[in-house]
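The values are calculated or read from the model by the stated rules, or taken from the named source; none is laboratory data. Fair warning: this is a prediction, and the values are worked out from it, not measured in the lab. Cβ: placed from backbone, ideal geometry, glycine included. Neighbour counts: every protein chain shown. Accessible surface areas use protein heavy atoms only, side chains included; no ligands, DNA or RNA. Shrake-Rupley method; radii C 1.70, N 1.55, O 1.52, S 1.80 Å.
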Amino acid sequence: MRKLVYFVAATIDGFIAAPDGSWDFMTIHDDVTAFMGTRYPETVPTHLRGPLGAEGPNRVFDTVLMGRHTYEPALQAGIISPYAHLKQFVFSSTLPASADPAVQVVADDPRALVDKLKQQPGLDIWLAGGGSLAGQLLPVVDELVIKLNPIVAGAGIPLATTGFDPHRFDLIDATPLDSGVVVLRYRATA
């Protein structure tokens, strides 16, 4: 069965963005970009895949799930299909249908869609964010891949916005990078 993998950058204190949703305080270093291009090339936006050497057939993911706030920066930049190499689902009750047929805006329960996608053949499913969507999907996340940035933000958008509901994950890999970022990979405890 396909896995739902929450692949995201976070601060040491567990924030994926500033209170205003921006994340530019987490500098994307060359070693992080190289890691992404080598290990998770599908997480590189389509327009950057060529320049970053992350082209080729999908190896890890063939589907991406995004919340509205994760998708909006691409829209504001005039990019309506940021991951054209993937099936794209944007969860929002306020966005209209996408002008690009490759981007499906979904107002329904995200868990129902994930359950359906997991039963279909294909590569793994990338949960790109944001915190609210991750909070709704946390019970069905199979793996976490966290690019842990050496930053304490103090406040912001949490990794997963949910009430107190502990979920246990086991560390299966840790890759320290020269920039100080550590890529942590966890598997949901059965």
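The listed residues Met66, Met36, Met1, once ranked by accessible area (1.4 Å probe) with the largest placed first, stand as Met1, Met36, Met66. Would you kindly give the portion of the calculated P(r) for the range 102-170 that falls above 13 Å, as a percent of all Cα pairs? Beyond 13 Å sits 73 percent of the P(r) for the range 102-170. In sequence order, the range 19-24 has phi-based couplings of x, 8, x, 6, 9, 5 Hz under the Karplus curve 6.51 cos²θ - 1.76 cosθ + 1.60, θ = phi - 60°, and Gly or Pro positions carry x.
Relative to the 2.2 N^0.38 Å rule of thumb, the range 66-110 has a C-alpha radius of gyration ratio of 1.02. Principal axis extents of the Cα atoms in the range 51-142, from largest to smallest and rounded to whole angstrom, are 36, 31, 22. Computed over the Cα atoms of the chain, the ratio of the radius of gyration to the Kirkwood radius (Rg/Rh) comes to 0.93. Restricting attention to the chain, the count of lysine pairs at 8 or more positions apart or across chains with alpha carbons under 18 Å apart stands at 5. Accessible surface of the chain, 1.4 Å probe: 56 percent of it comes from carbon and sulfur atoms.
Put a plus charge on the Cβ of each Lys and Arg, a minus charge on the Cβ of each Asp and Glu, and nothing anywhere else: the dipole of the chain about its Cα centre is then about 420 debye. Counting only protein heavy atoms and using a 1.4 Å probe, the accessible area of Lys147 comes to about 30 Å². Using alpha carbons only, the radius of gyration of the range 1-91 set against its Kirkwood radius gives Rg/Rh = 0.94. Measuring spread by the Cα atoms of the range 143-190 yields a radius of gyration and Dmax of 12.5, 35 Å. Computed with a 1.4 Å probe on the full set of protein chains, the accessible area for Glu72 sits at about 50 Å². For the range 19-63, the direction-averaged projected area of the alpha-carbon convex hull comes to 4.0 nm². Taking each DSSP H run with n ≥ 4 as -39500 (n - 2.57) and averaging over every residue of the chain yields -5500 deg cm²/dmol at 222 nm.
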